[in-house]
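The values are calculated or read from the model by the stated rules, or taken from the named source; none is laboratory data. Here the structure is a predicted model, which means the values were calculated and not measured. Methodologically, a virtual Cβ is constructed for each residue, glycine included, from the backbone with ideal geometry; neighbour enumeration extends over all protein chains shown. Heavy atoms of the whole protein, side chains included, go into the accessibility calculation; ligands, DNA and RNA do not. Shrake-Rupley method; radii C 1.70, N 1.55, O 1.52, S 1.80 Å.
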Amino acid sequence: EGSPTFTVPNDLLNANLKPEITEPVEFGVELAMLQDRLGLDVTYYKEETRDQIFNVNISATTGYTSRWLNAGTVENKGWEIMLTGVPVETNNVRWQSTVTWSKNNSTVVDLAPGVTGLELSLGDFWGASLYARKGEPYGQIVGRAYQRAPDGRIIVNAEGIPQRTATPEVIGNMNPDWRAGWQNQLSAGPIRLAALLDA
């Protein structure tokens, strides 16, 4: 007793799911000069993904806690830039350095009928959740923020504890504003060294 052999999953499956469709558009320029010792690669992209598959929360009174459905259209657009240089190149030594930078803007264009927002993750100990809401960036972090005075300082009570807003609001986004990297490769005879810094 107390050890069931079979259990019903919490997710309500959907036999009518459609595949996600992504339509990308991309433009780029690649330049090389100084006998390929200096190169620049710039790309702009825009892609729309329709019929995105989400696990949507539903009332537990149905016997399930969530269901799978095609619930959204998301648009991504941004830039990718790569600059490559070879500062040192001799018969025995070669140093190549590459800097990359990218920025992506993601927007929830549309959601399924009757769905105003999708909670991508339930609030945890910190009281914040991830959302996909129509017209907003994908991955909004929603929770109760600190109350602030007109000068921007956080309002605290008599015990010095910061006071939170009465209702949840957008307090951030899970996606980075940009990404960057710096890679260096050094070869001297049979010795090869590489280092990568990500930000």
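Take segment 20-73 with all the other protein chains still there, run a 1.4 Å probe, and you get 67 Å² of accessible area per residue. Between T165 and E136, the FRET efficiency from the beta-carbon distance, with R0 = 22 Å, is close to 0.75.
Whole-Hz Karplus values for segment 62-68 come out as 6, x, 10, 9, 7, 9, 8 Hz, taken residue by residue from phi with 6.51 cos²θ - 1.76 cosθ + 1.60 and θ = phi - 60°; glycine and proline positions read x. 3J(HN,Hα) along segment 183-194: 10, 10, 10, 10, 10, 9, x, x, 8, 10, 10, 9 Hz, from the Karplus curve 6.51 cos²θ - 1.76 cosθ + 1.60 with θ = phi - 60°, whole Hz, x for Gly and Pro. Scalar couplings 3J(HN,Hα) for segment 145-150, obtained by applying the Karplus form with A = 6.51, B = -1.76, C = 1.60 to θ = phi - 60°, are 8, 6, 6, 10, 6, x Hz; x denotes Gly and Pro. Which parts of segment 154-184 would a label at R94 reach, counting a residue when its backbone N lies under 12 Å from a point 7 Å out along Cα-to-Cβ? Within reach of a label on R94: no residues.
Here the Gaussian network model covers the chain, with springs between Cα atoms less than 10 Å apart; of G117, G139, G189, G189 fluctuates the most. Largest first, the three principal axis extents of the alpha carbons in the chain are 74, 56, 43 Å in whole numbers.
Take the Cα of Q147, step 7 Å toward its Cβ, do the same at T61, and the gap between the two points is 3.5 nm.
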